[in-house]
Structures are given as C-alpha cells and as structure tokens.
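Let me begin by presenting the structure, written as structure tokens, before commenting on it.
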Amino acid sequence: MAIITLVVSFWHPWVFFLCLFFLALTGLGIRDMRQHKHSILRNYPVIGHMRFLFEGIRPEIRQYLIESDQDEQPFSREQRSLVYQRAKGVEDKRPFGSHERVYEAGYSWLTHSVQPVHFSDTDFRINIGGPKCAKPYSASIYNISAMSFGSLSANAITALNTGAKMGGFAHDTGEGGISRYHRQPGGDLIYEIGSGYFGCRNDDGTFSPEKFATQAADDQVKMIEIKLSQGAKPGHGGMLPASKITTEIAEARDIPMGVDCISPAGHSAFSTPLELMAFIGQLRELSGGKPVGFKLCIGHRREFMCMVKAMLETGIVPDFIVVDGSEGGTGAAPLEFANHVGMPMTEGLTFVHNTLRGAGIRDQVKVGAGGKVVSAFDIARALSLGADWCNSARGFMFAIGCIQAQACHTNHCPVGVATQDPLRQKALDVGDKSERVARFHRNTLKALGEMAGAAGLHDPSGFLPYHFMTRRGDGQMTEANDVYNYLPEGFLLSAGDDHIVYRERWARASADSFAPPEARQ
C-alpha cells in the first residue's frame, strides 16, 4: 500500500500523506516481528496492538462499560494481571483498597498477628521421601503442574523447564512422556506415568519395566508420579489423532506414527488397591529408590480408603500423593466432566489429609495440591488444609504469555503456548519467557513469605485452618477450622462413634478391591 500510494502521489500530491501512514505501519509491523517480549505482536503484527489498546483503557471506563477485574472465567483479569506483573517483575501493588465484596458469602481472609515475622530467605522447600526412599528430593513448595509436550508447544515446554532450572523448582512432565524439550534445559523433572505408559510402554500399550528403568535412571528425573486421574476430566481417557502426531511427539511417547494414540481411562498394570501398592513398590525399586507417588482427583471416597488400607496391609506407602481438584485445567475436556465430575481441591485435600491422619501414616506421606493455585493466598490456604506443597499449571502458562484465549484444543493458540503450529509457537521467545517463569515463582514465594510473616509464622508450613476466616451465607464469619479441621491421629484404627462419615466409609473399604461390599459378594 505504501508503494501504491507513493506512485499515486505523483498525480495527487495529497496522497503522499497516506503513503507516510502506510510506511509507518510497515515499520511498526517489522518492529513487532523482530521484538521478543510480546508473542501476540510477533504472530499478529500491527493489529495485535488493538489488544493492548483495550487493556490500557482507563480502569473506570473498563469497570463501567466493559468488565470488572473479577469478570472472565476461569481466571479473572485480577488473577491474570497478578501473574503477569510478578512474571515481568513490575509493580504488583493495588491502590484504593480491595475490590472484593467483603460482606458477601464466601469471602475469605487471613488472620494476622501483631507480632509479624520478617523472612530474609523465601526459598521454601519440603523433603519428599518416606522411610523406604533411598533418594529423597528437596522440592520447592511451588512447582509446575503436569502439562504434556503435544498439548503445549516445544517452545513452551523449553521455556518452562528453563525457568524451573533457573529457579530451582520442579517441572511435571505430564503423561505425554519426557521429550527432548524437557531434557535440553536440564531442570528437575517429575516423571508422570499415565494409563498410556508413554515412554515406558510395550508395543501393545502395556507397562515396560525395562524402558521405565532407563527413563528413571536419568538424574534429571527426581520423582515418579502415577496419574490415576486428573481434576479436569477424572475417569476419562483420551485420544490424540494420528494426524496430530509429529515425529517429536512419537519420540517422546514411544508410539508409532500414523496410528491414533490412545490414553485408556484406567490402568492395565493394576486393578486392585493391593496391586497398586505393589506397582508403587516396583517403580521405587526400578528407579533406584526415588520418591514414587500418585495423583488423583477424589471421587468415591471409599476407594481412596481402599488404597490406604492396602498401604497398611502391605507396608508399601507412597512417598507422596497429589490431590488434583476438579477446578483443574486441561487442553480439552467434555463440558460435563469439566463442570460436574470430581471433588474440588479444598474438600479433596481435607479428606485425604484426614484419612491419612486417621490411619496413622500422615507423617510418612507428603501431600501436594493443585487446582487454580496462582497466588500466595491460594498456596497459604492449601497449606492450611494439609498440603505440604502446591502445583500450578495455568499460573505458569500465564507466566509464559497465555492470554486465556481458550483455544488450546484448536491448535490456533495466538501466543504459541498450546499449539504445534511451528509459526505460531515461534512467537514464544524462550529466553524472555523462561526468565518470566523463574521470576513469577520467586515473587510468588516472596509474597507467601510476607503472608506467613504477617500471620506471625516462622515458616509457611505452620499455616493451619484457624488462620483463615470465611463469611457464611447468613453473614456471620466462621473459622475454616470449623469446617476443615484436622481429625485425631489414628482415630480410624480404634473403635468409636465420632466422625461417622469417615468411619462408615472406612468400614466399607477393602484392600482387596475397589468395588463396594455389595459388589464383592
């Protein structure tokens, strides 16, 4: 257009000003394509500025004419902005007070102390590994949750793992196996094993001990996580169509090209609680004694108690359990599953923590938690309910540029995070985004230290339910301890008529089968 208007300007001089306009746009487009900080502008030069224009509209205009900071789902503008600010290292403070409706039901707050504590070191860590673990892992209390290569782009995986390496925290591989993009940066890995056994499978899709031992021997692999279910679609399998399988995905998953990749809904390596414990023991031995655990979203509570009874019967106790809430994310899930299947993290975490306490083995198992954990308050609340550490997937996706376009399943992610399109993912600059990952982690833990200090604690692990208050539906306030309190140690192993909800399910649970008593007869 600049050239055309320049030619026309010889006959119509006033058109020369239009030529200058098009030349300015051309220069802006070239600049956008060469910069490394904004993926949107690299993929959508010139027109991408429209997004930043709307983002920059004065807050009061946005509030009254467009949307408030609490609008948008599943993460509000306020939540996303907090991650962006901490990832970029810019001002994350708020003027003019809270926007929360503090007198409405559901509002929650932290009780603080008149004797706050200052933290000079906020690199909070937790040792994971039970009595039978030969190689315990000192993990950060905030890590990258499971996201597979294939679901995320090569550049996204590389940026996440590079950031994890820089910040000294762990990166869960997701069930898609360990790709070359996980290995190149050298960050700590949690090797997740799903029902497809990707990276450690035989040709028929069954588990291969030999291939697993080879994978687990890598020093980069710090822990092994068996995925029983994920919060966004518990009890649901999946399929990656052959048309979407690249040579790199096939390499990571150890699957053939040209064939649909199936992730069954359930595992073939075990079918009973006792067999699950035996599988955990086998993986621990094959890995040379690295921490082994499992991840699940709580469904039938009795079934988790079946697992705990199997732990007591076999003496094989997982080193860790990750509780994934139904509010967790995924690249794609049926709407019914995403909205209405599985237990939310708060209730699931409380149940797991109290069941392990009731069985007298809570001190042998570390518990992780995941499900919309993006702020220091989210982490503190999870720690108070029994978690030892937290994981986040979408929080770290925001850190590398995700704008919540919710096009993860289309291969058309506008910022190159959740796509295999080589042109789209090229816009995600690994160097810039990896620094944002490390910075987001560091600044979030710094904020957690400030919250723990405000509560008068010397370590975030000291958060307990009574540190948090919640507004009830009748307008009154109640301690979280009244609803999510810790139950007595070992109470399930003795007779009593207290905590009947737990005792009734415990009586119906069996280490031999996940089935209910009436189905076992």
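Where a number appears in this text, it was derived from the coordinates with a stated rule and is not lab data. Just so we're clear, the structure is a prediction, and the values are computed from it rather than from any experiment. Reconstructed Cβ throughout: ideal geometry from the backbone, glycine too, with neighbour counts over all protein chains shown.
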Charge dipole of the chain about the Cα centre (unit charges at C-beta), most positive-ward option of A387, G360, G299: A387
Qualifying trypsin sites (Lys or Arg not before Pro) for segment 75-183 [loop in DSSP, other Cβ within 10 Å: at most 11]: K93, R101
Rounded to the nearest whole number, the per residue volume of the convex hull around the C-alpha atoms of segment 111-255 in Å³ is 165
How do 441-454, 223-236 rank on mean C-beta neighbours within 10 Å, highest first? 223-236, 441-454
With no solvent and one equal point scatterer per Cα, compute the Debye intensity ratio I(q)/I(0) for segment 72-156 at 0.12 Å⁻¹ and report its log10, rounded to two decimals. -0.76
Just to be sure I understand: of the beta bridges DSSP finds with both ends in the chain, what percent are antiparallel, rounded to 5? 35
Among the listed pairs K93/K446; K233/K372; K295/K426, which have their C-alpha atoms separated by more than 25 angstrom in this model? K295/K426
What's the magnitude of the charge dipole for the chain around its Cα centre, counting Lys and Arg as +1 and Asp and Glu as -1 at the beta-carbon? Answer in Debye, nearest 20. 1100
Where in segment 278-311 are there chymotrypsin sites (Phe, Trp or Tyr not before Pro) that are in a DSSP coil and have at most 11 other Cβ atoms within 10 angstrom of their Cβ? none
Tell me the mean residue ellipticity at 222 nm calculated for the chain from its helices only (DSSP H runs of n ≥ 4, each -39500 (n - 2.57), averaged over every residue, nearest 500). -11000 deg cm²/dmol
Quote the Stokes-Einstein diffusion coefficient, in whole µm² s⁻¹, for segment 276-325, based on the Kirkwood radius over alpha carbon pairs, a temperature of 37 °C and a viscosity of 0.692 mPa s. 288
Please report, largest first and rounded to whole Å, the three semi-axes of the ellipsoid equivalent to the chain, where each semi-axis is the square root of five times an eigenvalue of the C-alpha gyration tensor. 43, 30, 20
Size of the dipole of segment 338-488 about the Cα centre, Lys and Arg at +1 and Asp and Glu at -1 on the beta carbon, nothing else charged, in debye to 20? 300
Which one, I224, P414, G187, is farthest towards the positive end of the dipole of the chain when Lys and Arg carry +1 and Asp and Glu -1 on their Cβ? P414
Over the Cα atoms of segment 371-521, Rg to Rh with Kirkwood Rh, two decimal places? 1.12
